[in-house]
Each structure stands twice: as C-alpha cells, then as structure tokens.
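The next block holds one structure in the form of structure tokens; read it before the comments.
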Amino acid sequence: MMSEIELQPLRITSGWLIEWNLFYEVDPSNETMQYLDASSLLHIENHQLMRAINLDFKQENDANGFFYLRVLNLIKTTNKKGNINYEGDWEEPYFELKTKNRLEIVKKIEQLVLQLPPYKNNN
C-alpha cells in the first residue's frame with residue numbers, strides 16, 4: 001500500500017499569494033502520474049513585485065514529461081466596475097526552466113521568491 005503523498009514543502013516568503021498548489025512531493029513515474037495530471041501545479045503571485053511564478057508539468061500524464069517553471073510579469077488592469085485584476089504576460093516570461101528534476105524546481109522556486117526584482121511596467 002502506497003503511503004499518503006504530501007504536498008511538496010516550499011519555503012515561500014511573505015508577500016506571495018498562493019493562487020493554487022497541486023505540487024506534490026513526487027517524482028515523475030508511471031506510478032505517480034495522478035499527481036502530475038493538472039495543467040498547472042502551482043501558481044503564486046506577488047503584487048508588490050508585479051511577478052507571478054507558475055509551475056506546469058508537460059505533457060500531462062506522461063512519465064517522460066518535465067516540470068516547466070515560469071516567472072511572469074504582471075500587468076495591473078481595472079475593469080468597468082473598478083475591480084483590480086492582475087494579468088500575467090504569458091507570451092514573454094521573465095524566466096523559464098524546464099527540467100525532470102523536482103528538487104531543482106524546489107530550489108529555484110525558493111531562490112526566486114527571495115531574489116526576484118520588481119517588474120517595472122513602462123506602459
């Protein structure tokens with residue numbers, strides 16, 4: 001019987017909002033694909049820095065896939081009702097990392113939340 005799989009422990013600094021977290025403490029294999037079948041495993045945002053960190057697993061349900069980590073610049077928008085939204089620039093990521101190594105992803109996320117400079121939108 002397989003023991004209960006836990007979420008991947010991450011050291012996230014203050015100021016980061018966790019939008020969703022489906023990043024489990026599993027490495028890709030045929031036995032763990034049910035934990036890597038979401039289009040996005042982790043999405044966190046920091047509105048002071050105007051950055052988002054997003055983690056996907058490509059191809060979903062493929063043990064030969066890879067983790068795909070991106071840092072997105074955020075653009076602040078206001079809708080007709082005056083509500084503020086933060087939209088990620090998915091077309092031009094600030095940073096990208098593709099790897100099969102989960103611990104490399106953990107290390108990079110923990111580094112990024114500490115060291116990312118603020119995004120300055122010149123528009």
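The values are calculated or read from the model by the stated rules, or taken from the named source; none is laboratory data. From a predicted model like this one, the values you see are computed outputs, not experimental measurements. No Cβ is skipped: glycine too gets one built from the backbone with ideal geometry, and neighbour counts run over all protein chains shown. Surface areas here come from the heavy atoms of the whole protein model, side chains and all, with no ligands, DNA or RNA. Shrake-Rupley method; radii C 1.70, N 1.55, O 1.52, S 1.80 Å.
Residues in the stretch 1-45 near a label at LYS100, defined as backbone nitrogen under 17 Å from the 7 Å Cα→Cβ point? Counting only backbone N, you get 26-33, 36. When shorter helices are ignored and each DSSP H run of at least 4 residues is given -39500 (n - 2.57), the per-residue value for the chain at 222 nm works out to -3500 deg cm²/dmol. Volume per residue of the convex hull around the Cα atoms, evaluated for the stretch 1-108, comes out as 124 Å³. Within the accessible surface of the chain, defined with a 1.4 Å probe on protein heavy atoms only, the carbon and sulfur portion equals 47 percent. If one takes the longest principal axis of the Cα atoms in the chain, at what angle in degrees, from 0 to 90 and to the nearest 10, does the Cα axis of helix 102-115 lie? Orientation of helix 102-115: about 20 degrees from the principal axis.
In this label model, ASN83 and ARG11 are separated by 3.7 nm, measuring between points 7 Å along each Cα→Cβ vector. Accessible surface area normalised per residue over the chain is 62 Å², counting heavy atoms of protein chains with a 1.4 Å rolling probe. Using Cβ point charges alone (K and R +1, D and E -1), the dipole size of the chain about the Cα centre works out to roughly 640 debye.
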